[in-house]
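The values are calculated or read from the model by the stated rules, or taken from the named source; none is laboratory data. From a predicted model like this one, the values you see are computed outputs, not experimental measurements. Cβ placement follows ideal geometry from the backbone for every residue including glycine, while neighbour counts extend to all protein chains displayed. We work out accessible area using only protein heavy atoms, side chains counted, and drop any ligands, DNA or RNA first. Shrake-Rupley method; radii C 1.70, N 1.55, O 1.52, S 1.80 Å.
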Amino acid sequence: MSTSPNVPEQKDSYLYEAASVPRWIYVVFVVAFAAIGYVGYLVSAGNAAKAQLAADLAQANSKQAMVSAQIDQMNQKLAELKAQGQMTTQKLGFTQAELAQSKTLAQSIRQDQQESDQKLAAQIGQVKQDADAKIGAVSTDLTGAKGDISATRQDLEATKLKLTSAVGDLGVQSGLIARNQEELDQLKHSSDRNIFEIHLTKSKTLSHVGPIQLALTKTDPKKYKYTLTLVADDKTIVKSDKTADEPVQFYIKGVPKPYEIVVFDVTKDKINGYLTTPKDVGGTARAQ
């Protein structure tokens, strides 16, 4: 049978055709497609990553710009602070110089004050010493003055005892009379009459003595006598050859008590003495 031997030949041919495409090729294709897909995925993922990277980069650039601006601002502030620090340092240095000068001045003032205090203390000590010496001297003087006052009082008492009374040339009892300048000074303190001192030189011209006028016309120092011309109450009276220590009396109209003149010192051309008048009418006489 001519056909039976051909059957095996077809089978072999099929097997040959089938055997002509190996299986690994399919595997290669599968791997290739997988690789292409993976590469595509990688490319796609790379693009996304690239976009994300670009976004991150942009954000980083923005942050960098912001940081750069902040750094610039900080640098500017640092520069300002540095300038202020320099100015402060200069001011501080100036202040320290002033403080040093003030300290030196204060020390100088303190030293001057101490020297002044020492001088003042020395002066006070000297003044105290002088004051003590003067006080001692004053105490001594006071002691002496007390003694002098006591002696003067005794002298005044003795002088008062020396003062005597006499009868005037008109026969009227006079009060106490003074016989020298010392007794006259005492009489001024103890008398109840007005007293006017008389110091006359020989002259024809009248001189005012209290409320009257007098002129010394004659003296006799050997006999202690003198002659006076007096004008009182529109009257001219001549008292001739009157003796020292003698109360020379005359009346004034309207005055019951007499005026008195006492001369206690007679020289060649001068007399010294006093005029007394009652105190209640001492100024009633008119002098011409």
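Structural remarks
- Proximity of backbone amide H atoms, modeled 1.01 Å from N, is registered between D245 and V263, F264 at under 5 Å, excluding neighbours fewer than 5 places apart on the same chain.
- Virtual spin-label span in nm between V27 and T217, 7 Å along Cα→Cβ: 19.9
- Taking a sphere under 13 Å around the Cβ of I124 and counting the other residues whose Cβ falls inside, with K and R at +1 and D and E at -1, yields a net charge of -1.
- C-alpha center-to-center spacing [segment 167-186, segment 56-134] in angstrom: 95
- Subset of K188/K218; K204/K268; K235/K268; K223/K279 violating a 23 Å alpha-carbon distance limit: K188/K218; K235/K268; K223/K279
- Backbone geometry of segment 60-69 corresponds, through the Karplus equation with coefficients 6.51, -1.76 and 1.60 at θ = phi - 60°, to 3J(HN,Hα) couplings of 5, 4, 5, 4, 4, 5, 5, 4, 4, 5 Hz, x marking Gly and Pro.
- Summed side-chain charge close to D169 - residues other than D169 whose Cβ falls under 10 Å, Lys, Arg +1, Asp, Glu -1: 0
- Solvent-accessible area of S68, all protein chains in place: 50 Å² (probe radius 1.4 Å, heavy atoms, ligands and nucleic acids excluded).
- Under 5 Å from the amide H of S207 lie the amide H atoms of L214, A215, each residue being 5 or more positions distant or on a separate chain, with H modelled from the backbone and absent for Pro and chain starts.
- The stretch between A35 and L53, if pulled fully straight at 0.36 nm per residue, gains 4.0 nm over its current Cα-Cα span.
- Ordering 97-110, 172-185 by mean Cβ neighbour count within 10 Å, with the highest value first, yields 172-185, 97-110.
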